[in-house]
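**Student:** The structure's right below; bear with me while I get my questions together.
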Amino acid sequence: MSKYKEKSIWRHILGQPLHFVHHLTDMLRLKIRFRNSVIRNPLEITFSNLNNIHISDNVIIDTNCILRIINNCHLFIGEGTYIGPYCHISGTRNNIIIGRKVGIGDRVFISTTHHQYDDITKPILTQGFVSKGDVVVSDECLIGIGSYILSGVNIGKHSVIGGNSVVTHDIPPYSVAVGNPARVIKRYNSKKKRWLGV
Ligand SMILES: CC(C)(COP(=O)(O)OP(=O)(O)OC[C@H]1O[C@@H](n2cnc3c(N)ncnc32)[C@H](O)[C@@H]1OP(=O)(O)O)[C@@H](O)C(=O)NCCC(=O)NCCS
């Protein structure tokens, strides 16, 4: 890179509001800490404690993802997992555990909370959040493009979630689940050694 280009980049960075500089620092901390994985820019990250984020080796977090891991929530991403572009992983209560060698398609939303709406005298936006518990995506799963995994959901090992599914309940291991709400349509039969419709 020429000297001129380097200079103009720094001028550009220094001309930004402070939060942009904080963002660069956060990115740098992430990249230094998880150097055996690839975290592609831009990433929007909010965290209360960087120690609550655990990214194993050989993970790829593709471009334009959002990670919000705040309060006491922990995020764990297992070895060899791929997270596609534009995914949003939001943990404000409980934990998000994503296993090893999981494939997560573009635009997947994983959240441990949703908005409280019980009180009709207050706007929903001001009522805070509720959570049904941890989200677990077990080893070797594939989560299809555009899916939403709700709080408290546990997806068992080596299961497939079809594109654009909304996963509201646990999915057993070795299953294919599709739709809104996601229903199991196939399971692996280990005696017959093939996937069978249910
Ligand atoms: C679920 C999926 C894996 C297909 O699995 P499959 O075993 O080949 O399923 P089939 O094509 O035999 O379909 C079985 C039934 O599920 C339905 N189905 C398949 N995918 C569906 C989806 N995403 N949403 C709703 N229904 C779906 C089919 O229409 C079919 O219904 P029918 O029996 O009433 O005709 C695939 O459709 C899919 O959604 N893949 C996700 C791809 C992706 O996002 N990859 C991310 C890349 S990182």
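Values in this text are rule-based calculations from the coordinates and carry no lab data. Remember, predicted model here, so these are calculated numbers, not experimental data. A quick note on method: Cβ atoms are made from the backbone with ideal geometry, for glycine too, and the neighbour counts reach across all protein chains shown.
**Student:** Sorting TYR86, TYR148 on the 10 Å Cβ count, fewest up front, what's the list?
**Tutor:** Final ranking by Cβ density, sparse to dense: TYR86, TYR148.
**Student:** In addition: What ranking do VAL38, VAL102 get, fewest neighbouring Cβ atoms within 10 angstrom at the top?
**Tutor:** In order of increasing Cβ crowding within 10 Å: VAL38, VAL102.
**Student:** Further question on the same structure: Structure shown: which of LYS101/LYS186; LYS101/LYS132; LYS31/LYS122 lie over 31 Å apart, alpha-carbon to alpha-carbon?
**Tutor:** Result: LYS31/LYS122 exceed 31 Å.
**Student:** What angle, in degrees between 0 and 90 and rounded to the nearest 10, separates the Cα long axis of helix 3-14 from the longest principal axis of the Cα atoms of the chain?
**Tutor:** Computed tilt is about 70 degrees.
**Student:** For the range 40-108, count the residues as N, evaluate 2.2 N^0.38 Å, and divide the Cα radius of gyration by that value, please.
**Tutor:** Cα-based Rg divided by the globular estimate yields 1.00.
**Student:** Calculate the length of the line joining the C-alpha centroid of the range 122-183 to that of the range 70-105, in whole Å.
**Tutor:** 12 Å
**Student:** Within 10 Å, Cβ to Cβ, of GLY197, how many net charges do the neighbouring residues add up to if Lys/Arg are +1 and Asp/Glu are -1?
**Tutor:** Residues near GLY197 contribute +2 overall.
**Student:** Below 8 Å between Cα atoms, with a sequence gap of 6+, how large is the relative contact order for the chain in percent?
**Tutor:** 11 percent
**Student:** Give me the Kirkwood hydrodynamic radius of the chain, using the inverse of the mean 1/r over all pairs of distinct Cα atoms, in Å to one decimal.
**Tutor:** Its Kirkwood hydrodynamic radius stands at 18.2 Å.
**Student:** Next up: What is the fewest-to-most order of LYS193, LYS122 by other Cβ atoms lying within 10 Å of their Cβ?
**Tutor:** Placing the least packed residue first, the sequence is LYS193, LYS122.
**Student:** Work out, step by step, the length gained on full extension between ASN49 and HIS114: first 0.36 nm times the residue separation, then minus their alpha carbon distance; give nm to one decimal.
**Tutor:** That works out to 21.2 nm of additional length.
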